[in-house]
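Please read the structure below before turning to the comments.
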Amino acid sequence: MSILDRSSNFISLSTLNYFLVCLFLSWEAFVNEQMSDEIKKNPLKSREGLRSSDVAQPQRNHNSLSTFSIKNVVLPPSSFIDKKLLPMLGKKTSLTSLELHDCELGTNSIKSIARFLSTNESLSILDLSSNKMNDLDSVKALSSAIKDHPQLTFVNLSDCNLVYSDDNGVELKTDVLSSILDGCSNLKSLVLDRNDIKIEGAVSLVADFIASNSTLTLLSLANNTMGDANAELLYKAMKKNTSLHELSLGQNRITLPKLLFESKRACENLTHLDLSARRYGYPYNNKEKIRTTPSVKLIASYLTRNPALIELNLSGNSITSSAVRFLAASLKCNSTLQHLYLSRNSLTDKCIPSFDDALKKNTTLLSLDLSDNKIKVTGRKELIQSIICDTTSLEAVANSNHTLKLIMTNGKYKNDITREDELRNINTLRKKTKGVKDSTLFDTSETEGQKIRYKVVLALFSMNTDLFSPTNFENLPLELMPRLLEIAQNEIGYNGYGEGSVRYGQGVTWSTEKKRKDETDPYLNRVYEVLTGWNTPLLFNVS
């Protein structure tokens, strides 16, 4: 989850030396575009151990600064934060997001941030991830400030060592985690990834937090390696929680989330669930993943009940083609799930018939990620031409699925014979609505006619040229001529797709196109011949 995605007005500092940071702050957090260009042309040398590829990205309008971000910079001592950074930010009444990621914040710096929060009334997002927090006094101050803040709704404390070893390095202590959870009781979103929340005492604290909380809607506990036994404590707590909608338990060595899916009350309110795992390497092996048929059957049975779930991530779990067929079968009767991620598993061409059958009956799934599996080009082509663009006839093209975002290569192969990338661009075409940035809010039905027109052109000239037969087309009504011109225009298509569908070779411009001796364009003529003869209304449909 990227904090920077939440705002257009932000200042980001990454891997800069102290001089640049101090200079930046002395100018009231504003460096104009000319200075930014100069930095990019002549980058200052980075301190040892920091990534030199990151540069400052300041923007204008500092008086309306809404997001301030410093990443991967070892900041000067606490006096710098207390006397320069925070006072400057305190003047910005429009500041809604503060990110200090991996800045090696010390005890005094944490206390300074707590004091800043106690006087701030505008901040809604706080990201202090990758900063160690082992001092209980400073954490208590931060916890109290978070709890009393009037606007704060999202806090990211990933990789903050909230569960830490004692002085002897033997026992894991949970007092810091306990204090943080107490302060976050009023939040809507909390991220606690990579904090060693793996012992029973730590997981119990989180379970009690879930059971008693009535405001939290998003909780991320990824990469804590808690295992099945400890995860069950969370499942039991979720039976008492009615507010949690988004839960991430990825990379936690979960193999059989039995109590989560068998109990309707445990997950009846979930809309987003992440149970992904790493495909290779420490700390996972194949026995610590949701890979077996019983586990997949359990999830499939849950999906057949049409729960509130709209997004499910099972990536990296070594799920086989024989096991995934139960999951695919559940899609036939599921009408709520919109996004399913199955990348980095062990799927082969044997899974294609299962998904083929399921997707022909499912009209609600908007995205299916099968990338980084063992599916060959023949399998990919079969699924695409059966579901996304059936080129057996022009009517079959029109009746194909025009809403599913199918990912199998993730753009890995250019000029792929399956035309996966082009068809994915077509199916994700949305009607742009002024003021709406989230593509998931766009209505795809209003672009169905346009999608079909693009697919017809692609089918006629790339996927199945045998469809072209001028004798089958006649009598184009005059009122449909604008649609003909739309298809044959210079920049036809979406995101450059059309250029590759009506001409030889992707990305070739009209000026460099080889033409016949009479200076006519054979591809443009062919589009005209076909469309002047085809009177299927759906081709020219406009909602």
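The values are calculated or read from the model by the stated rules, or taken from the named source; none is laboratory data. All of these numbers come straight from a predicted model, not from anything done at the bench. All Cβ positions, glycine included, derive from the backbone under ideal geometry; neighbour counts span all protein chains shown. For the accessible areas, the whole protein counts, side chains as well, though only heavy atoms, and no ligand, DNA or RNA atoms are used. Shrake-Rupley method; radii C 1.70, N 1.55, O 1.52, S 1.80 Å.
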Checklist entry - Once phi is turned into θ = phi - 60°, what whole-Hz ³J(HN,Hα) does the Karplus curve with 6.51, -1.76 and 1.60 give for every residue of region 391-403, x standing for Gly and Pro? => result 9, 5, 7, 5, 5, 5, 4, 5, 8, 6, 7, 10, 10
Checklist entry - So what are region 179-219's ellipsoid semi-axes, whole angstrom, largest first, if each one is the square root of 5 times an eigenvalue of the alpha-carbon gyration tensor? => result 17, 11, 9
Checklist entry - How far apart, in nm, are two points set 7 Å out from the Cα along the Cα-to-Cβ line at Thr392 and at Asn108? => result 7.6
Item to check | Carbon and sulfur %, accessible surface of region 71-155 computed with the full protein complex present, 1.4 Å | outcome: 45
Checklist outcome for this item: Listed by chain and number, the residues whose amide H is under 5 Å from that of Lys405, excluding neighbours fewer than 5 places away on the same chain and using placed H, are Ser367, Leu368
Item to check | Potential extension, Lys361-Lys198 segment - 0.36 nm per residue separation minus Cα distance | outcome: 54.6 nm
Item to check | Fraction of accessible area attributable to carbon and sulfur, region 245-402 (%, probe 1.4 Å) | outcome: 49
Checklist entry - Nearest 0.05, what FRET efficiency do Thr242 and Lys405 give at R0 = 30 Å with Cβ-Cβ as r? => result 0.45
Next on the checklist: Compute, for region 293-406, the length of the dipole vector about the Cα centre, with Cβ point charges of +1 (Lys, Arg) and -1 (Asp, Glu) only. Units Debye, rounded to 20.
Outcome noted: 280
Item to check | Approximate spin-label separation Ser64-Ser322, in nm, with each point projected 7 Å along Cα-to-Cβ | outcome: 6.1
Item to check | Lys374-Ser118 pseudo-label distance in nm [points 7 Å out on the Cα-to-Cβ vector] | outcome: 6.0
